[in-house]
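Nothing in this text is a laboratory measurement; each read-out follows from the coordinates by a stated rule. Please read all numbers here as calculations on a predicted model, not as lab measurements. Ideal geometry is used to build each Cβ from the backbone, glycine not excepted, and the neighbour counts take in all protein chains shown.
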Amino acid sequence: MSILHISLRGSKDMKIESINTYVVDAGWRPWQFTEIKTDSGITGYGEMSDGRNPWGIVGTVEDFKPLLIGKDPLNIQALFWDLQRMAIQSKGGIASKAVAGIELALWDIKGKHHGVPVYDLFGGKLRDKQKIYWSHCGTSRARDYEILGVDPLNSRQDVINLGKEVADKGYTSLKTNIIVRPDSPLSHPPKETYVFFGGFGGGAGSTDQGLEYTTDKQTFINYELLDVIEDHISALQEGSQGKVTIGLDLNFNFKPQAVKKICNRLEKYNMMWVEIDMYEPDGLREITDSTDIPITSGENLLGVTDYRPYFDKRSMDVAMIDIPWQGFINSKEVASLAASHQINVAPHNYYSHLSTMISLNLCANIPNVRIMEIDIDDVPWKDEMIGGPLDIKNGVVDIPTGPGWGVDIDTSIFEKHAWQKGKGPGYLSLPK
Ligand SMILES: [Mg+2]
C-alpha cells in the first residue's frame, strides 16, 4: 500500500475556526466584509458590499456558518458549491453576495497559505499595471462633499473645474451620473445639488413612464432632463479639454426609448460609454443598435447563466463584472465567456480598496479587460484601512504582488466607522 495519501478534502491541518462580518460606513453607502479565521493563524478577508441590503447580506453569512466552521478553507470549490446548493432556492441577489464574500475570503487564505497572489493560483498574471477610470466623478461630491472635504458642485463652472482636475491629475477616463444642480431647470427647493436616481424608487420622480413633456415641476421626468445631462457632459468635456473620455452611468433609471434619446444627444461628445442596467437582452440590443456610443451593462448579472443571453444577442459592447457580488470563480467564467464572444469586460468596483485589490487580481489574470473602475473621491478611511493611499500615476495602478489579495486589512478602522442600523439605504437621493 502506498504511503502517500492525497486527501480530496484538501489540507488536513487547517480548519475554519470563526467567521466575522463588518458593516462599515462609507459615506453615501455601506461596505460589508467577511473575515475568516483559521486554526493555522491565517486570516482571510472578502468584500460583499451592497448599498441597500447590508444586514441581509451579513445575516446570510451567519446562516452559512454551520456549513463552514471546522472545514478545510483550502478546498474552495467544494465549499463554494455547498453554499450554492444551500442557496439554490434563493438564486442571485443577497445570497450570491454572501457566498461571494465567503469565497473571496477563502481565496485570500489560500494565497496567504501558499505565499502567492490569488492570480498565481489561477496561472499567473498577464500584466503588471491596470488602467483605471475615476468613477462617480462629481457624483460623490454632489452627495457628500463635506465628508470628502471638497467644494460642493453647485454651478457649471464647478463641473468645468472638476473636469480640469481629472485631466490635471493624469486620468484619461472618468465616469459620472446625472447630476442636477441648483441652477438647473429641474432644481427644486431646497435648491441643493442632487443625483438623479429616478429608477430606484422614492415615489414621485420615478422614470417608470420614460421621458415625457410636462410643466409640472413635481414630476421630474421630462425632456429638460436631456438638457441637464448634455450640460453636465459638455462641462466635463470642456474642463478636461478633450483629454478625458467620459462614461455616463444611467443605472436602472431608463427604458430603451429614453436611453436611445440620451445617446442621440451625446453622440458628439468624447464618450467612453453609456452604461445602462436592464434585465432584458432584446431591449438592450435595441439601444446598442441605435448608437455608435459603446454600451456597457451587466454589473447586476451573476454568473454565466445570466450573461449568456446578452452575449448571444450581442446586447452590450462592454460587460461590467462585479466580483464582490458573484465571487472570483463566477467572474473568471464570465470573463472567459465574454472573451469567446469578442467582448471586453470591466470590473465593477465602487467599493473599498479590498475590492480594488480583488478586482486587480482578476484584471491581472484575464486577457480581455477593457478598463477598471475606482472611486477617487471617497471617505478618508478607504486609504486608512490598507495603511495608506494607492500609488496611482497617470490613471494607471500597479497589480498587487503580495500574498492573497496583496493587502493587509486594519479592522480597527471597520469598528471605528461602523454603519449604524437605520441609516441606509444610501441612495435616497431624489429631492426631499
Ligand atoms: Mg454602473
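P(r) of region 332-432 in 5 Å steps, Cα pairs, percent per bin?
2, 10, 18, 20, 17, 13, 11, 7, 2, 0
Given a Förster distance of 45 angstrom, what is the FRET efficiency for Tyr223 paired with Asp383, based on the Cβ-Cβ distance and rounded to 0.05?
0.60
Quick one: which residues, 5+ away or cross-chain, put their amide H under 5 Å from the amide H of Asn349? H built at 1.01 Å from N.
The list, which skips near neighbours in sequence, is Glu373.
Considering only Cα-Cα distances, which of the following residue pairs are longer than 26 Å: Lys175/Lys332; Lys71/Lys423; Lys175/Lys260; Lys112/Lys332; Lys129/Lys255; Lys164/Lys382?
Flagged as over cut-off: Lys71/Lys423; Lys129/Lys255.
Tell me what the chain gives for mean residue ellipticity at 222 nm when only DSSP H runs of n ≥ 4 count, each as -39,500 (n - 2.57), the sum divided by the residue total, rounded to 500 deg cm²/dmol.
Theoretical 222 nm ellipticity from helices: -11500 deg cm²/dmol.
What ³J(HN,Hα) values, in whole Hz, does the Karplus curve 6.51 cos²θ - 1.76 cosθ + 1.60 give for region 147-163 when θ = phi - 60°, with x put for Gly and Pro?
5, 6, x, 10, 6, x, 10, 10, 9, 4, 5, 4, 6, 4, 4, 5, x
Counting only residues 5 or more places away or on other chains, whose amide H sits under 5 Å from the amide H of Asn344 once H atoms are built in the peptide plane?
For Asn344, the qualifying residues are Ala319.
For Glu280 and Glu17, what does the FRET efficiency come to when R0 = 56 Å and r is the distance between their Cβ atoms, rounded to the nearest 0.05?
The calculated FRET efficiency here is 0.80.
Using a Förster distance of 56 Å, how high is the FRET efficiency between Lys393 and Lys65, based on the Cβ-Cβ distance and rounded to 0.05?
The computed FRET efficiency comes out at 0.85.
Considering only the other residues whose Cβ falls under 11 Å of the Cβ of Leu301, what net charge follows from Lys and Arg at +1 and Asp and Glu at -1?
-3
Amide H to amide H, which residues 5 or more places from Met271 or on other chains are under 5 Å from it, using H placed in the peptide plane?
Distant-sequence amide H within range of Met271: Ile246.
Give a residue-ordered list of calculated ³J(HN,Hα) values for region 175-190 (Karplus: 6.51 cos²θ - 1.76 cosθ + 1.60, θ = phi - 60°; whole Hz; x for Gly, Pro).
9, 9, 10, 7, 10, 9, 8, x, 8, 8, x, 9, 6, 9, x, x
Can you return the aspartates and glutamates within cross-link range of Lys421? Criterion is Cα-Cα under 18 Å, with same-chain partners fewer than 8 residues away left out.
Counting by Cα, and skipping residues close in sequence, Lys421 has these aspartates and glutamates nearby: Asp25, Asp50, Glu62.
Based on the mean of other beta carbon atoms within 10 Å per residue, what is the order of 183-196, 130-143, most packed first?
Descending packing order for the listed peptides: 130-143, 183-196.
Among Gly298, Gly59, Gly46, which one shows the biggest mean-square fluctuation in a GNM of the chain, springs joining Cα atoms closer than 10 Å?
Looking only at Gly298, Gly59, Gly46, the largest GNM fluctuation is found for Gly59.
Compute and list, largest first, the equivalent-ellipsoid semi-axes of the chain from the alpha carbon gyration tensor, each √(5λ) rounded to a whole angstrom.
With the √(5λ) rule applied to the chain, the semi-axes are 38, 22, 21 Å.
Using the Karplus equation 6.51 cos²θ - 1.76 cosθ + 1.60 (θ = phi - 60°), what ³J(HN,Hα) coupling, rounded to whole Hz, does each residue of region 389-399 give in order, writing x for Gly and Pro?
x, 6, 8, 10, 10, 6, x, 10, 10, 6, 6
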